[in-house]
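I have a structure I would like to understand better, so I am pasting it below and will then ask my questions one at a time.
The values are calculated or read from the model by the stated rules, or taken from the named source; none is laboratory data. On a predicted model such as this, the values are computed, not experimentally measured, just so you know. FYI the Cβ positions are ideal-geometry reconstructions off the backbone, even for glycines, and counts take in every protein chain you see. Heavy atoms of the whole protein, side chains included, go into the accessibility calculation; ligands, DNA and RNA do not. Shrake-Rupley method; radii C 1.70, N 1.55, O 1.52, S 1.80 Å.
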Amino acid sequence: MMNADNDTEKLLDNSDDGETFGSYHGRRRSVSSREKMKVLLSCLVIGSLISFLFGLSAGALYGYGNSSGIFNNFKPAKISKSDPRWTYDCKTSKCVRRRRTFLNEPQISLETCNMLCSIPSLWPKPKSLRTKNGISTSFNKNHISLRKNVPIAIEKYLREAINIFMNNLPTLRGTTKAKNINDSEVIVDITVASHETKLSPSTNESYSLSVTQTRTNVLANITAPTYFGARHALETLSQLIWSDSSLNSLRIYHDIFIEDAPAFPHRGVMVDTARNFFPVERLLRVIEGMAASKLNVFHLHLTDAVSFPVVLPNNPQFAQYGAYQPDMVYTVDDIKGLIEFARIRGIRTILEIDAPSHLNEGWNYPTENKEKLVICGEEDVFNGHLNPDNKQALDVLQSIYQDLLALGTDNETFHVGGDEVNMTCYGQTKSAVGFNSTNDFWVDFANNIFKTVITANHNRPPNNLVIWSSPLTDYYIQSLKYPKDIVVQYWFGSLEPILRNGNKVIFSTVGKWYLDCGFGPWKPSDISGVCDPYTSWQTFYKYRPWSEYADHVTQVLGGEACLWSEQVDVSALETRIWPRAAAMAERLWTDEESFDSYDVFSRMSSHRERLIERGFQVSAIWPLWCTLNPGKC
């Protein structure tokens, strides 16, 4: 970007011929109309040439016309917090900006003040934190050493986690400086007890972290029962390190003691990849952002009525007939690579193929069976349903579930979909005849779908069989089998019957934790958006639904922020998610009842800057002035 600015300036400098022309034009002499016309034409030619040359230069620099162009590489501008006009004082645990009285006065940068003035700017806030007066020291990134006492089984994963930690450390202006005599050595000492390498809902994600200064170095001591707790500790440690822009040095916060663990085991983001397709590289970026906020479940709503973009190992025909384009698919290697990429970052992956509703494209591949797999979607593609009159339908579904398990979906939390089943559609089927009501038919059909999951999972019921909430779960959930295993992902409806029946809950409440609302209608026939208005990050943060059901808190697994993609494509993916999903992440990790607006707003602002520093595109939370003047907005 620096080269681009220099080249632009150079081009502008080369355009000084225009000033020569201006001087010429200002001479006190008579100029004929023909001469005026010549001059005007010359001006136009020079101006056009400059624009053309600038366009070529910009095209070369930014890559117009290809997939790596300016719009794909654009990153929000970083705030310069070392403006020589200003310094920050810590007053009553708040950072106050003031003008420097003289230029050689020591300057305290905003990021240093935010880290040292009150509690350090960590996100999510740790469960327990003790510190001594906010102390830090400078160090060199090249002088970090590692000591570890861990099982052999996790050494490979820990090595990758350390690499991620190093890559996440802030960068300094210019080249990395040589070791300064005042720089400390930093030793990271990691102890992990368990050899466990698979993340599950029951995994212990807790950790202890202490950062202390000795006579010769700074020691960061990490103790965790599992690799996943150690990974979280490394993320916290990375957030205790910052780039002091006034001194152009890395600093580490020390004399701090943290005991930390999440409040809930399920802390997720759901992305719908069916309405609009997202390249796998962009999904990996979502995972990296999740890891920065200690979210631990990536839920892919892979398919829906309008597309089927995933290539299944034993059922490739679905993608062949259901993907938008041949290159808009997730291959077997894509999915397996994504799942492993997420696991190293402390995240498990749920692959959802929605059924028995929300299906159409891809399911209508040619078959020898006279009975179609899809009904009710002929006139309205969005209304496609699995045909219960087709005797092969459940066998096909079981084969799909076997594929998902082979790809590596979380077999302890298996999502079957079950969203928005249209009982009018099923009332027209032969299979519904003989039941007292179509609702009774739904109960029977849903139980049969659960059986296919269990069969596909080597005849073992997953610990959590997840379905979406609906009017059917409001009134008939007590008739479903496996009540101890069925989890309802609640987005709307009546919660009380679900909790009374003993079912577990994942909250994704519309109007609270939906990321797609607030952008108006997308169908020409609609006059308003289906879930407007827009939900702010403050609403994501403050939402505590379990507080209303004190007797049922143990049934709450956690929550997910949901991004349905009718009006979202790759250009807006990250800004729709961040920072709002990060706000939910602290709710699910720390779950503090109070809302200290100075503390939460200042730490959120710092975390947003941290995400930008790491290359993410993050929506603004307020005017820049508010960031530069903490507590004034």
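If you go through region 280-310, how many residues are closer than 24 Å to GLN617 by Cβ and either assigned to a loop (DSSP other than H, G, I, E, B) or touching a strand residue (DSSP E or B) at 6+ places or on another chain (Cβ under 9 Å) (or both)? Break it down stepwise before answering.
Step one: of region 280-310, the residues closer than 24 Å to GLN617 by Cβ are 280-302, 309.
With the extra rule that they be either assigned to a loop (DSSP other than H, G, I, E, B) or touching a strand residue (DSSP E or B) at 6+ places or on another chain (Cβ under 9 Å) (or both), the set shrinks to 280, 283, 286-287, 289-290, 293-302, 309.
Going through region 280-310 one residue at a time, the tally reaches 17.
Table: residues versus (1) open to solvent by 10 Å² or more (accessible area, probe 1.4 Å); (2) more than 26 Å from the chain's Cα centre (by Cα); (3) modelled with pLDDT under 95.
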position: THR331; (1), (2), (3): yes, no, no
position: LYS336; (1), (2), (3): yes, no, no
position: ILE339; (1), (2), (3): yes, no, no
position: ILE350; (1), (2), (3): no, no, no
position: GLY362; (1), (2), (3): no, yes, no
position: ILE400; (1), (2), (3): no, yes, no
position: PHE414; (1), (2), (3): no, no, no
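Look at region 553-576 and say how many of its residues are open to solvent by 50 Å² or more (accessible area, probe 1.4 Å) and more than 24 Å from ARG614 (Cβ to Cβ).
Of the residues in that region, 4 qualify.
With respect to the numbered conditions (1) more than 32 Å from the chain's Cα centre (by Cα); (2) more than 19 Å from LYS484 (Cβ to Cβ); (3) of a type in the set (S, T, N, Q), which one is the sole condition not fulfilled by ASN459?
Result: ASN459 fails condition (2) only.
Ok, one more. Which count do you get for residues in region 592-616 that are touching a residue at least 40 places away in the same chain (Cβ under 8 Å) and open to solvent by 30 Å² or more (accessible area, probe 1.4 Å)?
Here the count works out to 7.
Looking at VAL466, VAL488, which one is outside any loop (DSSP other than H, G, I, E, B), of a type in the set (Val, Ile, Thr), at pLDDT 95 or above and closer than 29 Å to GLU371 by Cβ?
Going through VAL466, VAL488 in turn, the sole match is VAL466.
Further, regarding this structure: Can you tell me which condition LEU300 does not meet? The list is (1) out of contact with any helix residue (DSSP H, G or I) (no Cβ under 6 Å at 6 or more places or on another chain); (2) open to solvent by 10 Å² or more (accessible area, probe 1.4 Å); (3) free of Cβ contacts under 8 Å to residues at least 60 places away in the same chain, and all the others hold.
Against the list (1) out of contact with any helix residue (DSSP H, G or I) (no Cβ under 6 Å at 6 or more places or on another chain); (2) open to solvent by 10 Å² or more (accessible area, probe 1.4 Å); (3) free of Cβ contacts under 8 Å to residues at least 60 places away in the same chain, LEU300 comes up short only on (2).
Scan region 561-582 for residues that are touching a residue at least 40 places away in the same chain (Cβ under 8 Å) and more than 11 Å from the chain's Cα centre (by Cα) and report the count.
The qualifying residues number 8.
Restricting the search to region 257-274, which residues are over 19 Å from LEU573 (Cβ atoms), in contact with a Pro (Cβ under 7 Å, 6 or more places away or on another chain) and open to solvent by less than 10 Å² (accessible area, probe 1.4 Å)?
ILE258, ASP260, HIS266
Evaluate region 446-453: report whether one residue or more is open to solvent by 60 Å² or more (accessible area, probe 1.4 Å) and farther than 30 Å from TRP578 by Cα.
Step one: of region 446-453, the residues open to solvent by 60 Å² or more (accessible area, probe 1.4 Å) are 451.
In the following step, the residues that additionally are farther than 30 Å from TRP578 by Cα were identified as 451.
Yes, some residue in region 446-453 is open to solvent by 60 Å² or more (accessible area, probe 1.4 Å) and farther than 30 Å from TRP578 by Cα.
Quick check: is even one residue across region 539-546 surrounded by fewer than 18 Cβ atoms within 10 Å (Cβ to Cβ), at pLDDT 95 or above and touching a Cys at 6+ places or on another chain (Cβ under 7 Å)?
Looking through region 539-546, none of the residues is surrounded by fewer than 18 Cβ atoms within 10 Å (Cβ to Cβ), at pLDDT 95 or above and touching a Cys at 6+ places or on another chain (Cβ under 7 Å).
Given the structure, is ASN296 farther than 30 Å from THR112 by Cβ and touching a Lys or Arg at 6+ places or on another chain (Cβ under 6 Å)?
Yes: the conditions hold for ASN296.
Table: residues versus (1) of a type in the set (D, E, K, R); (2) not in a helix (DSSP H, G or I).
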{"site": "ASP327", "(1), (2)": "yes, yes"}
{"site": "GLY337", "(1), (2)": "no, no"}
{"site": "THR349", "(1), (2)": "no, yes"}
{"site": "PRO366", "(1), (2)": "no, yes"}
{"site": "LYS391", "(1), (2)": "yes, yes"}
{"site": "LEU394", "(1), (2)": "no, no"}
{"site": "TYR401", "(1), (2)": "no, no"}
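Does ALA230 count as part of a helix (DSSP H, G or I), at pLDDT 95 or above, touching a helix residue (DSSP H, G or I) at 6+ places or on another chain (Cβ under 8 Å) and among the small types (Gly, Ala, Ser)?
Working: part of a helix (DSSP H, G or I): yes; at pLDDT 95 or above: yes; touching a helix residue (DSSP H, G or I) at 6+ places or on another chain (Cβ under 8 Å): yes; among the small types (Gly, Ala, Ser): yes.
Judged against the criteria, ALA230 is a match.
Let me ask you something else. Which residue, of SER145, SER128, SER121, is within 24 Å of SER245 (Cα to Cα) and among the small types (Gly, Ala, Ser)?
Numbers: SER145 fails: within 24 Å of SER245 (Cα to Cα); SER128 fails: within 24 Å of SER245 (Cα to Cα).
One residue alone meets the criteria, SER121.
Could you look through region 133-161, keep only residues that are among the charged types (D, E, K, R) and in contact (Cβ under 8 Å) with a residue 24 or more places away in the chain, and pick out the one that is surrounded by the fewest Cβ atoms within 10 Å (Cβ to Cβ)?
So in region 133-161, the residues among the charged types (D, E, K, R) come out as 141, 147-148, 155-156, 159-160.
Among the residues that remain, those that are also in contact (Cβ under 8 Å) with a residue 24 or more places away in the chain are: 141, 147-148, 160.
On the way: LYS141: 17, ARG147: 11, LYS148: 16, GLU160: 15.
Checked region 133-161; the qualifying residue surrounded by the fewest Cβ atoms within 10 Å (Cβ to Cβ) is ARG147.
Closer than 19 Å to GLN398 by Cα, open to solvent by 10 Å² or more (accessible area, probe 1.4 Å) and either at pLDDT 95 or above or assigned to a helix (DSSP H, G or I) (or both): does that describe PRO313?
yes
Any idea which of (1) part of a helix (DSSP H, G or I); (2) surrounded by fewer than 16 Cβ atoms within 10 Å (Cβ to Cβ) is the one CYS113 doesn't satisfy?
(2)
Rundown of residues vs (1) open to solvent by less than 10 Å² (accessible area, probe 1.4 Å); (2) of a type in the set (Ser, Thr, Tyr); (3) closer than 30 Å to GLU185 by Cα, yes/no style:
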| residue | (1), (2), (3) |
| --- | --- |
| THR236 | yes, yes, yes |
| ASN248 | no, no, yes |
| HIS254 | yes, no, yes |
| ASN276 | no, no, no |
| GLU288 | no, no, yes |
| SER293 | yes, yes, yes |
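Out of the residues in region 495-508 that are part of a loop (DSSP other than H, G, I, E, B) and in contact (Cβ under 8 Å) with a residue 40 or more places away in the chain, which is surrounded by the fewest Cβ atoms within 10 Å (Cβ to Cβ)?
GLY502
Scan region 536-575 for residues that are in a loop (DSSP other than H, G, I, E, B) and among the aromatic types (Phe, Trp, Tyr) and jot them down. Please lay out each step first, then the result.
We begin by selecting, within region 536-575, every residue in a loop (DSSP other than H, G, I, E, B); these are 536, 543-544, 549, 564-572.
Answer for region 536-575, where residues must be in a loop (DSSP other than H, G, I, E, B) and among the aromatic types (Phe, Trp, Tyr): TYR543, TYR549, TRP564.
Quick one: is CYS531 at pLDDT below 95, out of contact with any Gly (no Cβ under 6 Å at 6 or more places or on another chain) and under 18 Å from VAL271 (Cβ atoms)?
So CYS531 passes the test.
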